[in-house]
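Values quoted throughout were computed directly from the atomic coordinates according to the rules given, and no laboratory measurement underlies them. Keep in mind it's a predicted model, so treat the numbers as computed, not measured. Here Cβ is always computed from backbone atoms with ideal geometry, including for glycine, and neighbour counts include all displayed protein chains.
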Amino acid sequence: MEKEDSSVFINDEGARYRLEEMISNEKVHGIVRGLADDISNRYREAGSVHLVGLLKGSFVFMADLIRAISIPVTVDFMAVTSYLGTESTGEVKILKELNEPIHGLNVVIVEDIIDTGLTLSKTLALLETRAPADLKVCTLLDKIDRRKTPIDIEFNGIVIPDEFIVGYGIDYQQRHRELDRIDRVKFL
Ligand SMILES: O=P(O)(O)OC[C@H]1O[C@H](OP(=O)(O)OP(=O)(O)O)[C@H](O)[C@@H]1O
Ligand code: HPA
C-alpha cells in the first residue's frame with residue numbers, strides 16, 4: 001500500500017480512503033480499565049482468571065487489559081479467521097492452537113471486536129468441548145447491528161455503529177494496527 005499524502009491511503013485494489021477518529025485514545029484506555037475492574041471483581045473470589053486472546057486483533061487490547069487486572073492472571077492465544085477483505089466468509093479456520101489446556105480453568109475469551117459473531121460462536125463451541133470451569137466473553141468493541149448469530153457477552157466495552165474500523169490492534173488489509181485509538185475507514 002502506498003501513501004498519497006499524510007491523510008489519504010490507497011488500499012490493495014487501488015481505492016482511496018481516509019481514517020477518521022471514532023474513539024479517542026483516552027476513551028479507549030478508560031474502557032479497558034473498566035473491563036479490567038469488572039473481570040477482577042468477577043474472579044477475585046475464585047483467585048485467578050485465564051484469558052484467551054484471539055489473534056491477531058486482540059494483542060494490543062490484551063497487553064493493556066492484563067496490566068490493569070488486579071488479580072492473578074494467565075494468558076494464552078489462539079488464531080482463527082473468517083475474513084477476506086471486509087467481508088466475513090462464515091467459514092472459521094484455526095490458524096494457531098492454544099498452547100495450554102483450559103480444562104477446569106476460569107476462561108475469558110478476549111476479542112477486539114465482535115461483528116457477525118461467526119468467528120466467536122465457532123470458537124466458543126470448540127472451547128466448550130474442553131471442559132473449562134467457566135467460559136465467558138470479553139470484547140472491546142461490539143458491532144451489534146451486524147450480528148448473524150447471538151453471542152452472550154459478559155464483559156462488553158462499547159457498542160459501535162456499523163462502520164469499518166481500524167486501530168488499537170485492529171486492521172484493514174493488515175494495516176493500521178499500530179494506531180492508539182479507534183478510527184473509521186472512509187472511502188473517497
Ligand atoms: O464477529 P466476526 O464477524 O466473526 O468478526 C470479528 C473478528 O474479525 C476480526 O478478525 P480477523 O479475522 O480479521 O483476523 P485478525 O484478528 O487477525 O485481524 C476481529 O479481530 C474478530 O476476531
Ligand atoms: O470493522 C472492522 N474492522 C476490522 N476488522 C473487522 N472484523 C470485523 N469487523 C471489523
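Worth pointing out:
- Base-10 log of normalised Debye intensity for the stretch 1-71 (one unit scatterer per alpha-carbon) at q = 0.13, 0.16, 0.23 Å⁻¹: -0.57, -0.72, -1.01
- The stretch 37-85 - Rg over Rh from alpha carbon coordinates, Kirkwood radius: 1.07
- The stretch 90-138 and the stretch 1-78 have Cα centres lying 17 Å from one another.
- Residue-wise HN-Hα couplings along the stretch 163-174, as the Karplus relation 6.51 cos²θ - 1.76 cosθ + 1.60 with θ = phi - 60° gives them from phi, are 9, 6, 10, 9, x, 6, x, 9, 10, 10, 6, 6 Hz; Gly and Pro carry x.
- Signed unit charges on C-beta, dipole axis of the chain, positive-most listed residue N11, A68, I170: A68
- For the chain, the dipole from Cβ point charges (+1 on Lys and Arg, -1 on Asp and Glu) about the Cα centre works out to 180 debye, to the nearest 20.
- Contour minus Cα-Cα distance for D162 and I10 (0.36 nm per residue): 52.5 nm
- Rounded to the nearest 10 degrees, the angle from helix 118-128 to the longest Cα principal axis of the chain is 20 degrees.
- Square roots of five times the Cα gyration tensor eigenvalues for the stretch 35-188, Å: 25, 18, 14
- For I182, neighbours were defined as the other residues whose beta-carbon sits under 11 Å from its Cβ, and their charges (Lys and Arg +1, Asp and Glu -1) total -3.
- Note on Q174 and A63: the extension gain reaches 38.1 nm, defined as 0.36 nm multiplied by sequence separation minus the Cα-Cα distance.
- Between D37 and D76, the modelled label-to-label distance comes to 3.1 nm, taking each label 7 Å out from Cα in the direction of the beta carbon.
- Within-12-Å neighbourhood charge of G53 [Cβ basis; K, R +1; D, E -1]: -2
- Under 5 Å, built H, 5+ apart or other chain: amide partners of I109: V52, K136, V137, C138
- Its DSSP H runs of at least 4 residues, each contributing -39,500 (n - 2.57), put the calculated 222 nm mean residue ellipticity of the chain at -7000 deg cm²/dmol, to the nearest 500.
- Cross-link pairs K27/K122; K56/K93; K27/K96; K93/K148 - those with Cα-Cα distance over 23 Å: K27/K122; K27/K96
- Count Lys and Arg as plus one, Asp and Glu as minus one, and take only other residues whose Cβ is under 12 Å from that of I144; the net charge is then 0.
- Dipole-positive endmost among C138, I102, V80 within the stretch 35-188 (Cβ charges, Cα centre): V80
- When both bridge partners sit in the chain, DSSP labels roughly 45% of those beta bridges antiparallel.
- On the basis of the beta-carbon distance and an R0 of 25 Å, L95 and S24 show a calculated FRET efficiency of 0.20.
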